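The values are calculated or read from the model by the stated rules, or taken from the named source; none is laboratory data. Quantities reported herein were computed from a predicted structural model and do not represent experimental measurements. A quick note on method: Cβ atoms are made from the backbone with ideal geometry, for glycine too, and the neighbour counts reach across all protein chains shown.
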């Protein structure tokens, strides 16, 4: 299984629950949204504009064209903010049947930014490297199902060997399903667990000091 088929490097996302499905991950971007080799100006990245807004009785989701977002949990009267930067891998990290690499050098990773346009309810994003040069494209559709916020990712460009998306949500504590639960406030490393077997449930959560929280599945 390819890593981008699994979209495994998920960071804390979602209110109530987050579901990510990768549809047709090996397909290159459609002709209506071709990759450009141009450099995007810093101004176009720093000053975001509204991309889309959807809401129901549980959640209000406002998405910006730099992939940042504001998520309002109406039921619990909590507001969450999603960033605009996500750490990406430079190359593939699997050998086609098992992931064998654990430690990551900062030379193998980079903070990616995004620039998106909306077309018929689907966002088409260009991923940018640290020099604000286009790396590749992909599409993402966001839907609401009661208290569930769903991200459906598709058409990942082959120029993107691994995709970590959406960007993380700001929170005070990260919750990992280790034992009765492991609460992480600060860490000097993004790697928390050596082996997946240390996890006893399929979720990651986040908490704020006002006792509001979310769960990613």
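Please work out which one of (1) in contact with a strand residue (DSSP E or B) (Cβ under 9 Å, 6 or more places away or on another chain); (2) more than 26 Å from residue 60 (Cβ to Cβ); (3) touching a residue at least 24 places away in the same chain (Cβ under 8 Å) is the condition residue 187 fails and give its number.
Among (1) in contact with a strand residue (DSSP E or B) (Cβ under 9 Å, 6 or more places away or on another chain); (2) more than 26 Å from residue 60 (Cβ to Cβ); (3) touching a residue at least 24 places away in the same chain (Cβ under 8 Å), residue 187 violates only (3).
Which count do you get for residues in the range 127-169 that are assigned to a strand (DSSP E or B) and closer than 28 Å to residue 79 by Cβ?
Narrowing the range 127-169 to residues assigned to a strand (DSSP E or B): 127-128, 133-145, 148-154, 169.
Narrowing further to those that are closer than 28 Å to residue 79 by Cβ: 127-128, 138-145, 148-153, 169.
Within the range 127-169, residues that are assigned to a strand (DSSP E or B) and closer than 28 Å to residue 79 by Cβ number 17.
How many of the residues making up the range 158-176 are in contact with a helix residue (DSSP H, G or I) (Cβ under 9 Å, 6 or more places away or on another chain) and over 15 Å from residue 86 (Cβ atoms)? Write out each step before concluding.
In the first step, residues of the range 158-176 are kept if they are in contact with a helix residue (DSSP H, G or I) (Cβ under 9 Å, 6 or more places away or on another chain); the result is 160-163, 176.
Checking which are over 15 Å from residue 86 (Cβ atoms) leaves us with 176.
The total comes to 1.
Out of all the residues in the range 120-153, which are touching a helix residue (DSSP H, G or I) at 6+ places or on another chain (Cβ under 8 Å) and under 28 Å from residue 57 (Cβ atoms)?
Step one: list which residues in the range 120-153 are touching a helix residue (DSSP H, G or I) at 6+ places or on another chain (Cβ under 8 Å), which gives 128, 132.
Correct list: empty.
Here are the criteria: (1) crowded, with 20+ Cβ neighbours inside 10 Å; (2) over 19 Å from the mean Cα position of the chain (by Cα). Tell me which single one residue 214 does not satisfy.
Evaluating residue 214 over (1) crowded, with 20+ Cβ neighbours inside 10 Å; (2) over 19 Å from the mean Cα position of the chain (by Cα) leaves (2) as the failure.
With the requirement that a residue be part of a strand (DSSP E or B) and surrounded by 14 or more Cβ atoms within 10 Å (Cβ to Cβ), what does the range 170-187 give you? Can you show your working first?
Going residue by residue through the range 170-187, those that are part of a strand (DSSP E or B) are 173-176, 182-184.
173, 174, 175, 176, 182 - these are the residues of the range 170-187 that are part of a strand (DSSP E or B) and surrounded by 14 or more Cβ atoms within 10 Å (Cβ to Cβ).
Select, from 143, 126, the only residue that is over 19 Å from residue 206 (Cβ atoms) and either modelled with pLDDT under 95 or buried (at least 20 other Cβ atoms within 10 Å of the Cβ) (or both).
Numbers: 143 fails: either modelled with pLDDT under 95 or buried (at least 20 other Cβ atoms within 10 Å of the Cβ) (or both).
Going through 143, 126 in turn, just one is over 19 Å from residue 206 (Cβ atoms) and either modelled with pLDDT under 95 or buried (at least 20 other Cβ atoms within 10 Å of the Cβ) (or both): 126.
Residues checked against (1) farther than 26 Å from residue 215 by Cβ; (2) at pLDDT 85 or above; (3) touching a strand residue (DSSP E or B) at 6+ places or on another chain (Cβ under 7 Å):
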| site | (1), (2), (3) |
| --- | --- |
| 97 | yes, no, no |
| 105 | yes, no, no |
| 137 | yes, yes, yes |
| 148 | no, yes, yes |
